[in-house]
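We did not get these values from a lab; they are worked out from the coordinates using the rules stated. Please read these numbers as outputs of a predicted model, since none were measured by experiment. Methodologically, a virtual Cβ is constructed for each residue, glycine included, from the backbone with ideal geometry; neighbour enumeration extends over all protein chains shown.
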Amino acid sequence: MEINIFNQLGQKLIDGEAKVKLLEEEEGKVMDSATKGAAIITGASRGIGSAVALSLASDGYGVVINYRSSQEEAEDVLKQVMDRGGKGITYQADVKDYQKVAEMVHYALDKFGKIDVLVNNAAGRILINTFSELSWDEIQGELDVHLRGSFNTCKAVIPHMVDQKKGKIINVGSIVSDNVPPLKWYGYTIAKTSLAAFTRSLALEYGPKGLNINCVAPGMTDTMLTADLPEKAKMLTKMQSPLRRLAKPSDVANVVSFLASDSGDYISGETIRVCGGQVMV
């Protein structure tokens, strides 16, 4: 490369040549200079998860769009990421299965070199049942998705974040942990409350090692998860919110992006509520 440096009068001050070394991209990798590293988002094929994947891809992360069974939807999210100039991959893994989760983490490391962000968003169908008709297996099923799934991903990801002395983990909770819980939502309420406690415990242990671990707690959000709820319940929720609307997935994704960014470097062990003021603490 030829170098010429001139002053403001147009006089040449320095000339010469320099050599530049170009690093070839390792075969199979999708990381480039604009990509920060991997952001794994569980349950990212739809709703809040897909909005988070799109937002983090726009922020420069290589997104891992995790899904359990919705392959077509996950591939559609990836297409949106690519159409916007982002980097990403899809990966099928049931978060309840630690072995599958560990394989996903190793694949993400192979593709993107490091893991900067983990977003635990995977969720199942909300079971609404009276206590007299409720079985422990139904409670266990919701605990397995929300708590065990987050435990598995954290178990697989945290050692890598500790090695690099930096990492952001954001668990998607719910305002049901703070307020009068919805009637008959036993499993969901217990699981999300446990997830909030798990978040604080991790933040306490791993803060000194460079990790920021937080929880984002949405109110009722306009997604497929709430599609089966009665319209009366949705209307009541809107009227209880000072902003008079349900959350959009993008509302939650924006807060996740903030926590994942450098702007969130001094926040840890917190629960940030995204509910339009329905809960004020």
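For the reader, a short list of remarks on this structure follows.
- Percent of Cα pairs in region 63-218 per distance bin of 10 Å, from zero to the largest separation: 11, 36, 35, 16, 3, 0.
- Sorted by Cβ density within 10 Å, fewest first, the residues Lys165, Lys184: Lys165, Lys184
- Entry note, region 37-274: relative contact order of 20 percent, from Cα contacts under 8 Å with a spacing of 6+ residues.
- Counted by Cβ distance under 10 Å from Ala93, the other residues give a net charge of 0, where Lys and Arg count +1 and Asp and Glu count -1.
- Working ranking of peptides 170-182, 51-63, 96-108 by packing, defined as the average number of other Cβ atoms within 10 Å per residue, highest first, is 51-63, 170-182, 96-108.
- Its Cα centre serving as origin, region 79-173 has a Cβ charge dipole (Lys and Arg +1, Asp and Glu -1) of approximately 640 debye.
- By the count of neighbouring beta-carbon atoms within 10 Å, fewest first, Trp185, Trp136 end up ordered Trp136, Trp185.
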